[in-house]
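Here is the structure we will look at, set down as structure tokens.
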Amino acid sequence: MKPERIEILGVPVDCLTMNQALEHVDSVLMSGTAHSVVAVNPEKVMKALDDKRLLERLGRASVLIPDGIGVVFAARILGLGRFERVPGSELMPKLCELAARKGYRTFLFGAAVDVLASAVETLRQRYPGIIIAGSQHGFVADEDMPGLIERINSLEVDILFVALGSPKQEDWIDRYLPLLRVRLCQGVGGTFDVIAGRVKRAPAAFRAAHLEWFYRLATNPQRIRRQTALPKFVFEVLKQRAKHNFILFGHRTTPKSQPTQRPHS
Ligand code: UDP
């Protein structure tokens, strides 16, 4: 079943839980056409508001997972739906597990050479039997892209993971997916770095308190510029909520039924 697609500040996202995402992806993998999975978080929402092309690309993705907790809370605050966070970095390992179980052929594209090699090795250890048909680091010149596409196609890949960061990977997926004979392509951002152990995910307590973003900021202060999108996102969501309240209830502040008071003469 296709998930319901809502819009947060005009940016689309699918109402999904992790299980629903997996079920959907599983059914998609059995269909003949190529599908894309792209993550939506507050940072990407704010980027898409400034970048019309990114917004259009998101609209063309097959599945838009609610990757950031901000997106989940925003949907609740705006009364658009209740769903849970589906982090792309958790969906990828689950897809690897599925691939190992069902014999799907995978390909990893993105990240630095050493990070990629280490991610490939870790996945092979963690998911015995997984077929990693090939891999390619993420610093490929435009003129070499046709060769990469040909290589991926010749390897008969089912699931392609693309880790180029945002918005580069959304651009890449939108541009090259029509030329690829894969069944599924997931944009995974910095997930290869996490799998390779170069970047640590937040400890469970931070994740449970929905403070993963804070942990990432505290452990990597260079992200501060990117994280400024968060307060802007919160502000825009609250503004939209206030606007919505005004439309719904604003007229009640001047009740129609009250007769106009005339001054006593
Ligand atoms: N990257 C890449 N090619 C590029 C730019 C970035 O392969 O041209 C890789 C980079 O090495 C890193 C990942 O893309 O492994 C981006 O990670 P980041 O944490 O910035 O992504 P996010 O999940 O925050 O979008």
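Each value in this text was obtained by applying a stated rule to the coordinates, not by laboratory testing. The model shown is predicted, which means the values in this text are computed figures rather than measured ones. Note that we place each Cβ from the backbone using ideal geometry, even for glycine, and neighbour counts take in every protein chain shown.
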*Using the 10 angstrom Cβ neighbour count as an exposure proxy, how do Met46, Met30, Met18 rank, fewest first?*
Met30, Met18, Met46
*Long-range amide H contacts for Gln136: which residues qualify at under 5 Å (H placed 1.01 Å from N, peptide plane, sequence gap of 5 or more or a different chain)?*
Leu108, Phe109, Gly110
*Per-residue ellipticity at 222 nm for the chain, helices alone: DSSP H runs ≥ 4 residues times -39500 (n - 2.57), over residue total, nearest 500 deg cm²/dmol?*
-14500 deg cm²/dmol
*asked:* Going through the cross-link list Lys94/Lys200; Lys52/Lys94; Lys52/Lys102; Lys168/Lys232, which pairs have a Cα-Cα distance over 27 Å in this structure?
replied: Lys52/Lys94; Lys52/Lys102
*Can you pull the percent of Cα pairs in the chain with separation above 24 Å?*
52
*What is the antiparallel percent of DSSP beta bridges lying wholly in the chain, to the nearest 5?*
20
*If you rank Leu108, Leu164 by fewest surrounding Cβ atoms within 10 Å, what's the result?*
Leu164, Leu108
*asked:* I'd like the Karplus ³J(HN,Hα) series for region 5-10: coefficients 6.51, -1.76, 1.60, θ = phi - 60°, whole numbers in Hz, and an x wherever there's a Gly or Pro.
replied: 9, 10, 10, 10, 6, x
*In sequence order, what are the phi-derived ³J(HN,Hα) couplings for region 201-206 according to the Karplus relation 6.51 cos²θ - 1.76 cosθ + 1.60 with θ = phi - 60°, rounded to whole Hz, with x for glycine and proline?*
6, 5, x, 3, 4, 5
*Top mean-square fluctuation among Ala209, Ala133, Ala21, Gaussian network model of the chain, C-alpha springs under 10 Å?*
Ala209
_Give me the dipole magnitude in Debye, nearest 20, for region 36-191 about the Cα centre, with unit charges on the beta carbon: positive for Lys and Arg, negative for Asp and Glu._
580
